[in-house]
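Since every read-out is calculated from the coordinates, none of them should be taken as a lab result. Remember, predicted model here, so these are calculated numbers, not experimental data. Note: ideal-geometry Cβ built from the backbone for every residue, glycine included; neighbour counts use all protein chains shown.
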Amino acid sequence: MDETLIHCNENTTMPADIVLPIQFPGGQIIEAGINIRPYARECLEELSKHFEIIVFTASHSCYANEVLDHLDPENRLIQHRLFRESCVRTEEGLYVKDLRIFANRNLKDLVLVDNAAYSFSFQIENGIPIAPFYYHKEDTELKRLVPYLKSLATVRDMREINRKTFKLHHYTNHQTAESLFEVLFE
């Protein structure tokens, strides 16, 4: 969600598309300035016609629900929401999204779009990297992502297409950047 669909500014003096009040479990309320990535709603609208959309975020539910309620106020685009407590926390403090949490779904049918590649490190071939979003209003990442995702709707195994397209599996097999570049760009 964060830096993929939206960007949150905790400082409300920064430019924001909307300011949302976020109430944390202890009762504290903060004003969060939210920048919505261009084409976010259009992307969700179009993809919801072809796929079940699940937002899997490392954010706290009290914050993420406010943002997602703003993006999908009628709850018709996003079918499920998973939050930080559904992630695996690494020793380094990173939150990884382990897709095996979807025990009733086959990994061949799942993709995870995220700006942080470590988020899909447990199932690297299910990952679709996207450039992070902060505020750039000319950003077209989501607009360009839709045709790729729609092309996956009829494939037998989404991982095969991702493997050929993104070649992320190569990243785990090389000790140096030079040897990786030789394989990626030969």
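Using the Karplus relation 6.51 cos²θ - 1.76 cosθ + 1.60 with θ = phi - 60°, the per-residue 3J(HN,Hα) values for the range 116-124 come to 10, 4, 5, 4, 10, 5, 6, 9, 4 Hz, with x marking Gly and Pro. With the simple model of a label 7 Å out from the Cα in the direction of the Cβ, PHE24 to HIS50 spans 4.0 nm. The angle between the Cα long axis of helix 61-71 and the longest principal axis of the Cα atoms of the chain comes to about 90 degrees, rounded to the nearest 10.
The chain: Rg/Rh from Cα coordinates, Kirkwood Rh?
Working: Rg = 17.2 Å, Rh = 17.7 Å.
Here the Rg-to-Rh quotient is 0.97.
Average 1/r across all pairs of distinct alpha carbons in the range 72-133, invert it, and you get the Kirkwood radius: 12.9 Å.
With a 10 Å Cβ neighbour count serving as the proxy for reagent exposure, in which order, fewest first, do PHE24, PHE122 appear? Could the numbers behind the result be given before it?
Working: PHE24 11, PHE122 15.
So the residues, fewest neighbours to most, are PHE24, PHE122.
Taking the Cβ of LYS164 as the centre, find all other residues whose Cβ is under 14 Å away and add up their charges (Lys, Arg: +1; Asp, Glu: -1). Can you show the working numbers first?
Working: positive: ARG156, ARG159, ARG163, LYS167; negative: GLU125, ASP157, GLU160.
Summing Lys and Arg as +1 and Asp and Glu as -1 gives +1.
Can you give the % of DSSP beta bridges in the chain that are antiparallel, to the nearest 5?
Values: 12 of 19 bridges.
Among the beta bridges of the chain, antiparallel pairing accounts for roughly 65 percent.
Listed by chain and number, the lysines placed with their C-alpha closer than 28 angstrom to that of LYS108 are LYS49, LYS97, LYS143, LYS150, LYS164, LYS167; residues fewer than eight positions away on the same chain are left out.
How high is the FRET efficiency between GLU74 and ALA131 when r is their beta carbon distance and R₀ equals 22 Å, given to the nearest 0.05? Don't jump to the answer; show the numbers that get you there.
Values: r = 29 Å, r/R0 = 1.31.
For GLU74 and ALA131, the calculated efficiency is 0.15.
Considering only ASN162, PHE24, THR12, and ranking their Cα positions along the charge dipole of the range 6-184 that arises from unit charges at the beta-carbon of Lys, Arg, Asp and Glu, the one farthest toward the positive end is ASN162.
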